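Quick notes on the structure that follows.
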Amino acid sequence: MDHLKNYLESSLHLFRFYKSLGEKALEQVADDKLFWQHNADSNSMATIVKHMAGNMHSRWTDFLASDGEKPWRERDAEFENDIRSRKEMMQVWEEGWKVLFAAIEPLTPADFDKTVYIRNQAHSVMDAINRQLTHYASHVGQLIYLGKMLHSGTWQSLSVPKGQSKTFNQNTFGKTGNDSPSKDDFPNKDQS
């Protein structure tokens, strides 16, 4: 059961991590650029947020008790670029994440024995969480990509800045980045 508790803690950590990455990307884009679309078939940053939130409401409301594709969901409307302000967009974003965390935080190891449905397809609780985690990570990647294209000025890297790997490695590991790791660098890994 400890492995399920660890999995749940890890999943929550990753959901929070991707939420933070998305917010850091959105923060670096001017308000008017949040609604820009390359063409009619692409999505603005605000539309991606709207879709993610719609998905979160549908998937995580009554997570263990009802199908994740709710009959009241209007998925096609999620792709209409009709959010008009950063404030409205961030409210939609926060409400979606609130539903997600309210569903996942109270889960217990016993809940992992249950089956949940998404579009009438059976999933283990772990598979359903993984499905949504990867879905949201892909959309956060889109937000970051669009953010880099649309920002003005210097982009504040959300990871190791381009051209700074050696400095990062030196500061983190005390190495230049060209040194081969020794077995002491990975004390918790099986060395066989």
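Please treat every number below as a calculation from the coordinates, not as lab data. As the structure is a prediction and not an experimental result, all values here were calculated from the model. Here Cβ is always computed from backbone atoms with ideal geometry, including for glycine, and neighbour counts include all displayed protein chains.
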Practice task
Would you kindly calculate the mean projected area, averaged across all directions, of the convex hull enclosing the Cα atoms of the range 80-163, in square nanometres?
Solution key: 8.6
Handout entry: Fluctuation leader among K114, K24, K166 - the chain, Gaussian network, Cα springs under 10 angstrom
Key = K166
Handout entry: Cα-projected label distance for D2 with D127, points at 7 Å along beta-carbon direction, nm
Key = 2.8
Practice task
Would you compute the Debye intensity of the range 68-113 from its alpha-carbon atoms alone, equal scatterers and no solvent, and pass along log10 I(q)/I(0) at q = 0.26 Å⁻¹ to two decimals?
Solution key: -1.06
Fill in the blank from the handout: Ranking Y7, S58, G174 by how far each Cα lies towards the positive end of the charge dipole of the chain (+1 on Lys and Arg Cβ, -1 on Asp and Glu Cβ), the top one is G174
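Computed over the Cα atoms of the range 40-121, what is the ratio Rg over Rh, Rh following Kirkwood? Spell out each step's value before the answer.
Working: Rg = 14.2 Å, Rh = 13.7 Å.
That ratio equals 1.04.
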Practice task
Enumerate the calculated ³J(HN,Hα) couplings along the range 128-138 in order (Karplus 6.51 cos²θ - 1.76 cosθ + 1.60, θ = phi - 60°), each rounded to whole Hz, writing x wherever the residue is Gly or Pro.
Solution key: 5, 5, 4, 4, 6, 4, 5, 4, 5, 4, 5
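Suppose every K and R has +1 on its Cβ and every D and E has -1 on its Cβ; what is the size of the dipole of the range 2-159 about the Cα centre, in Debye to the nearest 20?
Details: 18 positive and 22 negative charges, 55 e Å.
So the dipole magnitude of the range 2-159 works out to roughly 260 debye.
Please report, in whole Å³, the volume per residue of the convex hull around the C-alpha atoms of the chain.
Working: hull volume 31.9 nm³, N = 192.
Spread over its residues, the Cα hull of the chain gives 166 Å³ apiece.
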